[in-house]
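A.B. asks: Input: one structure, supplied below.
The values are calculated or read from the model by the stated rules, or taken from the named source; none is laboratory data. Every value quoted in this text rests on a predicted model; they were computed, and no experiment measured them. So basically every Cβ, Gly included, is an ideal-geometry build from the backbone, and we count neighbours across all protein chains shown. Ligands, DNA and RNA are excluded from the accessible area calculation, which covers all protein heavy atoms including side chains. Shrake-Rupley method; radii C 1.70, N 1.55, O 1.52, S 1.80 Å.
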Amino acid sequence: MKYVLVTGGVVSGLGKGVTASSVGVVLKACGLRVTSIKIDPYLNTDAGTMSPFEHGEVFVLDDGGEVDLDLGNYERFLDVTLTRDNNITTGKIYQSVLDKERRGDYLGKTVQVVPHITDAIKNWVELVSVIPVDGKEGPADVCVIELGGTVGDIESMPFIEALRQLFFSVGQDNFCLIHVSLIPVLGVVGEQKTKPTQHSVRELRALGLTPHFLACRSAQPLLESTKQKLSQFCHVAVGNILNIHDVPNIWHVPLLLRNQNAHDAILRQLNLLSVAAPPDLQEWTKRAETFDNLTNSVRIAMVGKYVGLPDSYLSVVKALLHACIACSLKPSVDWIAASDLEDDSAKLTPEAHATAWETLRNAACVLVPGGFGDRGVRGMILAAKYARENKVPYLGICLGMQISVIEFARSVLDLERANSTEFDAETPDPFVIFMPEGSKTHMGSTMRLGCRRTLFQTPDCITAKLYHNSEYVDERHRHRYEVNPEVVGILEEAGLKFVGKDETGKRMEILELPSHPFYVGAQFHPEFKSRPGRPSALFLGLILAATGLLEPYLNKHQNGSL
């Protein structure tokens, strides 16, 4: 196995994940099979219990793993299906070592960070790197490892030491280290500063790792003199100093690497030149250029709880992007804080309230994504009501689907106190309830997680037609609450149809409102499987409906011209 390690220095949030994904794309374009591992040095076992405000969205994998959003980047860029073990955390490592200690595996030994923790990290990397993730037999050729955080962080020290040992054991030809760093420009001087990168590389070398490549993040392309200076002080050849400057969209990053012959240098370092082909990035180039040249846009109202940090809904935003590009449109996402739509907001923050409602009314479609807790729920209900009554295309995901059920019960069935037991445990009309198999004492990994099958109840529904499958669809889930099966009958009598159910027939998965051009709710998260060039069916349906193209699209595909 060949390893490419991507580390980061100076500051966090430089784009290590995009850099690692882009390196993978370029190597894959050379005909190599690529897998990836993300190391997160935090003590949490996984990302499942973290606030989206603190860490961005929680990405869900097919096997139910709740992981860092960078694994979503890997899946979208490399078109692979990763497992929970592709995300290593300090919590997982310490837990595995402590479990062994309790079993007596280290009997008589003093259990220490070195060698026990570092050995566990090395073993984990070596075991996971050979698991195929691209649907083919046998291990990949290259494993791209991203080390989260910044070099010098206390919590990442055991990982740096383990990776140093790994480098030593696999040898020069099987290991390549790319260090992502920042080249700032100070406003007054206007000069590209190399000192932060010099210090960062010095820190890395003091820990026993010398980078083979520098991936320098900057606003503008690096000057030749800057590269020379970096080479001189960081002990890296000028040809191995890669510049990842700001680009119009992240799909340009693999092209930037290709244009700087990064693939040649990396392949040479890994002794793979003889087996690799020239990179074929035609489709990637076309995609990046198409996006740059789009002029028409569609306005999408995103009514959510965590709109202060767009990374909270990263996969939703990417899925909208994939769907819009398939329709030759640029997405114009209008973020609306759900609480700003509520009546209380009209008294407390009248300007925010007025702006939120004006934004909602100017949008071509409405999307209510997932979330937990009762903050902003009343605003989401108002948004769902507005979309339903005014025939505005609506897509509710997870909580967004439950919101549409509650709104329908209140407005159409006149049950004013209809609610979810998540928001009101004493509601006389529980339309959304806690799932029987859930845990009320433990929060981590106790939801209904991962890829599950949804069976269509009729081939004639919009959703089945969009999926081009009249029988079923497999999508990823992450929820604790579900539509109460006892109220399905009265909802369907009133016009709301549950067109998708799980394999038992008791769990509601997809709802539609036949009297509406596009009013769809999904209990699953379709955004997690959306890919560039292969948009999620429900997001594509939303954008087609918003632009008046849904009916022609469905008719065209119904006539067999798939």
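A.B. asks: Only residues in region 379-395 that are within 9 Å of PHE518 (Cβ to Cβ) count as the first member; pair them with residues that are of a type in the set (Lys, Arg) and assigned to a helix (DSSP H, G or I), Cβ under 7 angstrom, at least 6 apart or cross-chain, and list the lot.
C.D. replies: TYR394/ARG388
A.B. asks: Would you check which residues across region 502-521 are surrounded by fewer than 24 Cβ atoms within 10 Å (Cβ to Cβ) and either farther than 13 Å from CYS461 by Cα or of a type in the set (Gly, Ala, Ser) (or both) and list them?
C.D. replies: ASP502, GLU503, THR504, GLY505, LYS506, ARG507, SER515
A.B. asks: Residues GLY8, GLY31, GLY15: which one is touching a residue at least 60 places away in the same chain (Cβ under 8 Å), open to solvent by less than 10 Å² (accessible area, probe 1.4 Å) and not aliphatic (A, V, I, L, M)?
C.D. replies: None of the others qualify; the one that does is GLY8.
A.B. asks: Here are the criteria: (1) open to solvent by 10 Å² or more (accessible area, probe 1.4 Å); (2) within 24 Å of the chain's Cα centre (by Cα); (3) over 29 Å from HIS116 (Cα atoms). Tell me which single one SER181 does not satisfy.
C.D. replies: (1)
A.B. asks: Which is more than 23 Å from PRO535 (Cβ to Cβ) and not charged (D, E, K, R), of ALA319, ALA346, ALA326?
C.D. replies: Exactly one residue qualifies, and that residue is ALA346.
A.B. asks: For region 1-83, which fully contained helices (runs of 4 or more DSSP H) count at least 2 residues that are under 28 Å from ASP280 (Cα atoms)?
C.D. replies: Qualifying helices (runs of 4 or more DSSP H): 16-29, 69-78.
A.B. asks: Take ARG287 and decide whether it is surrounded by 15 or more Cβ atoms within 10 Å (Cβ to Cβ), touching a helix residue (DSSP H, G or I) at 6+ places or on another chain (Cβ under 9 Å) and charged (D, E, K, R).
C.D. replies: yes
A.B. asks: Let me ask something additional. Considering only region 129-169, how many residues are under 16 Å from ILE39 (Cα atoms) and open to solvent by 70 Å² or more (accessible area, probe 1.4 Å)?
C.D. replies: Total meeting the criteria: 3.
A.B. asks: Still on this structure: Examine region 237-245 for a residue that is farther than 20 Å from PHE77 by Cβ, over 27 Å from the mean Cα position of the chain (by Cα) and open to solvent by less than 10 Å² (accessible area, probe 1.4 Å), and state whether such a residue exists.
C.D. replies: Yes, some residue in region 237-245 is farther than 20 Å from PHE77 by Cβ, over 27 Å from the mean Cα position of the chain (by Cα) and open to solvent by less than 10 Å² (accessible area, probe 1.4 Å).
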